[in-house]
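J.: A single structure is presented below for examination.
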Amino acid sequence: MNIPELFSLQLKNKFPQKNKSVGYRVDKLLKVRELLTKYDEDICEALNKDLGKAFSETRLTEILPTIGMINYACKKLHKWSKDKYFSTPVVFKGASSYIRYEAKGNVLVISPWNYPFQLALYPVLSSFMAANTTILKPSEFTPYTNTILEKIITEVFDQDEVAVVHGGIQESNELLDHPFDHVFFTGSTEVGKIIMNKASNHLASVGLELGGKSPVFIDENVNLKEVMKKISWGKLVNAGQTCVAPDYVITTSKNIAGVVSGFKEYVQNAYGKNPVQSEDYCHIITNRHALRLKELVDDAVSKGAKVECGGQIVGERVFEPTVLTGVTKEMKVMQEEIFGPILPLVEKESIEEAISFINSYDNALCSYVFTKNELVEKKFMNETISGGVTINDVLTNVANAKLPFGGAGKSGIGRYHGHEGFLEFSNMRSVMNKKMDLGTSYFYPPYTLKKSQHIVSLLQKLRSFL
Ligand code: NAD
């Protein structure tokens with residue numbers, strides 16, 4: 001079916017879909033969960049072919065969060081979908097006031113290649129649980145994952161409720177020419193601007209889950225070995241192709257040697273003496289993306305940075321775990337989101353210097369601070385802005401299915417995960433039901449002296465409230 005036909009099919013189903021019961025939606029979510037178990041091996045194989053990702057890493061970072069999301073949604077959907085009542089001002093006596101949570105209507109989800117399974121299915125299921133129709137356009141770089149995604153989706157959903165359109169920029173643009181009610185995009189900040197611009201032609205609301213440079217500050221007096229275990233894991237999972245990966249580390253000159261040795265030790269423990277040969281070490285999505293990483297390292301070295309370890313492409317789409325010291329803001333590696341296994345270390349001698357460095361960049365998607373000092377923690381929280389924070393670890397704020405997830409400013413607009421995932425895709429329709437009208441019309445013109453006095457006395461009451 002071509003895009004215009006598919007869009008009209010879903011448009012026709014907008015109202016029937018909007019009124020599907022919560023029970024119907026929960027049943028379908030559970031059916032998806034069943035298929036995640038049935039096709040567990042196929043999903044892992046697909047991710048292995050697309051990204052060279054280990055089966056265990058796929059289970060941990062793709063399947064597990066999706067099941068967690070389904071479980072939480074199934075438990076809460078009845079509650080979230082209930083009308084929410086508010087008190088009604090006395091001038092509207094006899095009426096009831098409430099929010100009715102309804103579908104936004106026809107939704108488009110555009111997803112990236114880096115966690116191609118969960119970043120497609122998670123928003124699609126969030127949209128479905130809020131009773132929308134949904135078209136998914138996954139990334140063109142992950143053909144194997146897209147095949148299994150489509151298999152699961154077509155086994156559970158009719159085409160007029162959830163459907164997949166394959167393709168790249170051209171297909172995204174063709175889809176965006178249609179008047180969707182909501183567009184949910186996960187990808188780069190640059191493409192996010194294009195999506196928002198195109199969505200504005202139809203004034204579709206947008207959810208933008210974007211990227212950026214997520215900083216880490218490491219204070220002194222922490223256990224550097226333990227800290228570096230966490231940071232190195234967060235940097236190297238999915239070979240650094242994680243939107244919330246620690247992009248760079250800021251720490252004092254005293255800490256630098258320990259940070260470098262902690263990284264090297266983690267690499268050896270996690271991936272062995274020859275990490276690039278480890279089956280547990282994820283590949284880079286394409287050769288072109290690997291070459292971009294090499295260029296970042298070469299540019300940094302040409303401007304005075306030192307490669308402490310790694311720095312090379314080895315074989316097909318594999319990039320060595322890399323640490324750079326002596327980096328400056330003039331280097332490309334400190335200007336773009338890295339999105340690969342390269343960790344630059346920036347030397348700053350105090351939390352104040354670190355904060356002013358962080359604030360010289362756009363707001364990050366996540367930021368991380370390792371400290372035992374409550375004052376440092378408080379200063380970091382009070383004087384920086386990001387979509388999310390983990391204190392004394394990395395990434396884990398995203399792993400809690402109950403916490404909302406999203407960016408701040410240039411790292412994104414809107415939130416999903418948890419209750420916010422339902423709200424992101426819902427139209428909060430405000431309703432005042434005047435079953436009985438006990439006299440609002442009293443305030444209609446003509447404004448007699450008695451009415452005018454009444455209005456003034458109402459105003460006076462409000463002015464002296466509290
Ligand atoms: P991308 O922006 O290149 O592509 C994302 C999607 O947009 C793909 O489906 C692609 O086909 C489509 N697309 C690309 N260019 C387009 C254009 N000009 N017009 C219309 N559609 C277009 O992103 P990517 O390379 O797939 O993913 C990496 C980026 O995504 C990183 O910046 C990363 O930080 C970000 N990301 C963010 C999150 C998050 O949740 N905030 C999660 C994962 C990735």
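J.: Only bridges whose two residues both fall in the stretch 215-396 count here: according to DSSP, what percent of them are antiparallel, nearest 5? Don't skip to the answer; put the middle values down first.
T.: On the way: 4 of 22 bridges.
In the stretch 215-396, DSSP labels about 20 percent of beta bridges as antiparallel.
J.: May I pose another question? Would you please give the residues with an amide H less than 5 Å from that of Leu343, counting only those at least 5 places away or on a separate chain, with H modeled from the backbone geometry?
T.: Close amide H contacts, sequence-distant or interchain: Thr322, Val323, Leu324.
J.: Still on this structure, please answer the following. Quick one: compute the contact order of the stretch 20-91, relative version, from alpha carbon pairs under 8 angstrom and 6+ residues apart, as a percent.
T.: 38
J.: Roughly how compact is the chain, stated as its Cα Rg over 2.2 N^0.38 Å to two decimals? Don't jump to the answer; show the numbers that get you there.
T.: On the way: Rg = 25.6 Å, N = 466, 2.2 N^0.38 = 22.7 Å.
This ratio for the chain stands at 1.13.
J.: Highest mean first, what order results for 201-209, 167-175 on Cβ atoms within 10 Å?
T.: Values: 201-209: 18.1, 167-175: 14.7.
Going by the mean number of other Cβ atoms within 10 Å, highest first, we get 201-209, 167-175.
J.: How high is the relative contact order of the stretch 215-396, in percent, with contacts defined as C-alpha pairs under 8 Å that are six or more residues apart?
T.: About 29 percent, as a whole number.
J.: Mind listing which trypsin sites (Lys or Arg not before Pro) in the stretch 327-426 are in a DSSP loop and have 16 or fewer other Cβ atoms within 10 Å? Don't skip to the end; give the middle numbers.
T.: Details: sites: Lys329, Lys332, Lys348, Lys372, Lys378, Lys379, Lys402, Lys410, Arg415; in loops: Lys329, Lys348, Lys372, Lys402, Arg415.
Sparse-neighbourhood loop trypsin sites (Lys or Arg not before Pro): Lys329, Lys372, Lys402.
J.: List the lysines whose Cα lies under 30 Å from the Cα of Lys38, skipping any in the same chain that are fewer than 8 positions away.
T.: Lys18, Lys20, Lys28, Lys49, Lys53, Lys75, Lys76, Lys79, Lys137, Lys151, Lys402
J.: Okay, moving on. From the phi angles alone, apply the Karplus equation (6.51, -1.76, 1.60; θ = phi - 60°) to the stretch 410-415 and give each ³J(HN,Hα) in whole Hz, x where the residue is Gly or Pro.
T.: Result, rounded to whole Hz: 6, 8, x, 10, x, 9.
J.: Could you order peptides 357-364, 62-69, 443-450 by the average number of other Cβ atoms within 10 Å of their residues, highest first? Write down the numbers at each step before the final one.
T.: On the way: 357-364: 17.9, 62-69: 20.1, 443-450: 8.4.
Final packing ranking: 62-69, 357-364, 443-450.
J.: Please enumerate, by chain and number, the lysines with C-alpha under 23 Å from the C-alpha of Lys451, excluding those fewer than 8 residues away in the same chain.
T.: Straight-line reach from Lys451, under 23 Å: Lys93, Lys434, Lys461.
J.: Please compute the contact order of the stretch 74-226 in relative form: average sequence separation of alpha-carbon pairs under 8 Å and at least six residues apart, divided by the residue count, as a percent.
T.: Working: 216 pairs, mean separation 29.7, N = 153.
The value is 19 percent.
Quick note: the coordinates plus some simple rules give every number you see, no bench work behind them. Not measured: the values here are computed from a predicted model. Heads up, the Cβs are rebuilt from the backbone with ideal geometry, glycines too, and the neighbour counts pull from every protein chain shown.
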